[in-house]
């Protein structure tokens, strides 16, 4: 089968993660890598066996054989890069959030339609097989009418006041941090599973470290060494470490979401409780090969991710037999497989991957949640 030629922009954590997942699909040939620093781009390209590297993303987009580009950069660059790529006729995959605000996101949706290019947002969490399984259970009526949805997304990578990253700076990340960075994944997955749209929100934010210590020197230079107080500068922080959001959905359903980036011991836990009028379902991505199914009458059930036990839509994104665990890296692989097969099949058939429209939807939700936290009241979506 023909492979698509791919260019990746960004060499941090997520860019190489995209490259690894793309290669596992068997549908992609990563031919170019770009970074704002040409030396970094060259070194990373050599490390990852990518044949071409650039210090300017526009040079990458000028490479005529590239079919699709993956944008894996800080948030403030997403809009301009995605716009330029689509105007150059490239299909685009963008990391979330799609842009810095909903107005920019809607502009990207418009350009994508105008140019006729395929577009996707990297909401990979919805590609855990157990999430697809629960979606199918809900669609068949097995859970009954959805009454309540609760959950959280918690991490600890910002636990100390010396933990620092560009995501802490609004000029690079936007007005929201925890909600936009990880809460958006939870919200997308919940609306995907339940088919219900959030209609109203009421949010409470907290910034536990209003002052953080930003390293003055690259941390990698001091691998294995402790920095001294003189190696830091105090920086005021205006975005949230923590948020709890009350939710009202279409129909009867109510819910709540908690996000926390200073939750000791929680490395990357996305957690869902979905309560229906017949059954309940619980997903914990730190135990992502298990699905808990609850009943009032009869035994509860722990379903293990085994293709022979999964419903068809979930079975389609489970690559390994039961007992051979799949996890976070596999979610990107499965998203990219759906996307690339769609393009290779002539852009025909159902769109089974999140698009820029999904990215724009999550930015609207994030903006309303931020507005609610500031005004301390319910806000309509």
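The values are calculated or read from the model by the stated rules, or taken from the named source; none is laboratory data. Owing to the predicted nature of the structure, the values given are computational and were not obtained by experimental measurement. For neighbour counting, all protein chains shown are included, and Cβ atoms are generated from backbone atoms with ideal geometry for every residue, glycine included.
Do the conditions hold for residue 278, that is, is it more than 23 Å from residue 372 (Cα to Cα), more than 28 Å from the chain's Cα centre (by Cα), part of a loop (DSSP other than H, G, I, E, B) and at pLDDT 95 or above?
Criteria met by residue 278.
Spot the failing condition for residue 271; the list is (1) closer than 29 Å to residue 330 by Cβ; (2) at pLDDT below 95; (3) in contact with a strand residue (DSSP E or B) (Cβ under 8 Å, 6 or more places away or on another chain), and only one is missed.
Residue 271 satisfies every listed condition except (2).
For residue 330, are the conditions met, namely being at pLDDT 95 or above, more than 16 Å from residue 119 (Cβ to Cβ), more than 19 Å from the chain's Cα centre (by Cα) and outside the structural domain of residue 95 (by TED's automatic domain parsing)?
Taking the combined requirement at face value, the residue does not satisfy it.
Could you tell me how many of the residues in region 60-105 are over 30 Å from residue 381 (Cβ atoms) and either in contact with a strand residue (DSSP E or B) (Cβ under 7 Å, 6 or more places away or on another chain) or crowded, with 23+ Cβ neighbours inside 10 Å (or both)?
Of the residues in that region, 9 qualify.
Read through the list (1) in contact (Cβ under 8 Å) with a residue 60 or more places away in the chain; (2) in contact with a strand residue (DSSP E or B) (Cβ under 6 Å, 6 or more places away or on another chain); (3) closer than 19 Å to residue 192 by Cβ, then give the number of the only condition that residue 282 fails.
(1)
Output the strands (runs of 3 or more DSSP E) that fall wholly within region 1-80 and possess 3 or more residues being within 25 Å of residue 355 (Cα to Cα), or say none.
Working: elements: 4-9, 28-34, 52-54, 68-71.
By residue number, 4-9, 28-34, 68-71.
Restricting attention to region 110-125, and to residues there that are in contact with a strand residue (DSSP E or B) (Cβ under 8 Å, 6 or more places away or on another chain) and part of a helix (DSSP H, G or I), which single residue is farthest from residue 326 (Cα to Cα)? Outline the logic, then answer.
Going residue by residue through region 110-125, those that are in contact with a strand residue (DSSP E or B) (Cβ under 8 Å, 6 or more places away or on another chain) are 112, 117-122, 125.
Pick out the ones that are also part of a helix (DSSP H, G or I) and you get 112, 125.
Numbers: 112: 33, 125: 13 Å.
Looking at residues that are in contact with a strand residue (DSSP E or B) (Cβ under 8 Å, 6 or more places away or on another chain) and part of a helix (DSSP H, G or I), I get 112.
Just wondering, is there one or more residues in region 298-312 that are in the same structural domain as residue 180 (by TED's automatic domain parsing), in a helix (DSSP H, G or I), surrounded by fewer than 21 Cβ atoms within 10 Å (Cβ to Cβ) and modelled with pLDDT of 95 or more? Lay out the reasoning, then the answer.
Residues of region 298-312 in the same structural domain as residue 180 (by TED's automatic domain parsing): 298-312.
Subsequent filtering for residues that are in a helix (DSSP H, G or I) retains 312.
Restricting the remaining residues to those that are surrounded by fewer than 21 Cβ atoms within 10 Å (Cβ to Cβ) gives 312.
Adding the requirement that they be modelled with pLDDT of 95 or more leaves 312.
Yes, region 298-312 contains at least one residue that is in the same structural domain as residue 180 (by TED's automatic domain parsing), in a helix (DSSP H, G or I), surrounded by fewer than 21 Cβ atoms within 10 Å (Cβ to Cβ) and modelled with pLDDT of 95 or more.
Would you confirm whether any residue within region 244-254 is touching a residue at least 40 places away in the same chain (Cβ under 8 Å), outside any loop (DSSP other than H, G, I, E, B) and within 20 Å of residue 156 (Cα to Cα)?
The answer is yes, given that some residue of region 244-254 is touching a residue at least 40 places away in the same chain (Cβ under 8 Å), outside any loop (DSSP other than H, G, I, E, B) and within 20 Å of residue 156 (Cα to Cα).
Which condition breaks for residue 97 when tested against (1) outside any loop (DSSP other than H, G, I, E, B); (2) in contact (Cβ under 8 Å) with a residue 12 or more places away in the chain; (3) under 30 Å from residue 366 (Cα atoms)?
Status for residue 97: all satisfied but (1).
Restricting attention to region 211-233, which residues are modelled with pLDDT of 95 or more and loosely packed, with under 10 Cβ neighbours inside 10 Å?
Of everything in region 211-233, nothing turns out to be modelled with pLDDT of 95 or more and loosely packed, with under 10 Cβ neighbours inside 10 Å.
Spot the failing condition for residue 138; the list is (1) without any contact (Cβ under 8 Å) to a residue 40 or more places away in the chain; (2) closer than 28 Å to residue 246 by Cβ, and only one is missed.
(1)
When you go through (1) modelled with pLDDT of 95 or more; (2) more than 19 Å from residue 193 (Cα to Cα); (3) in contact with a helix residue (DSSP H, G or I) (Cβ under 9 Å, 6 or more places away or on another chain) one by one for residue 291, which number turns out not to apply?
(2)
Exactly one of these conditions fails for residue 292: (1) outside any strand (DSSP E or B); (2) without any contact (Cβ under 8 Å) to a residue 60 or more places away in the chain. Give me its number.
(1)
Would a scan of region 184-206 turn up a residue that is over 23 Å from residue 272 (Cβ atoms), over 13 Å from the mean Cα position of the chain (by Cα) and in a helix (DSSP H, G or I)?
For region 184-206, residues over 23 Å from residue 272 (Cβ atoms), over 13 Å from the mean Cα position of the chain (by Cα) and in a helix (DSSP H, G or I): absent.
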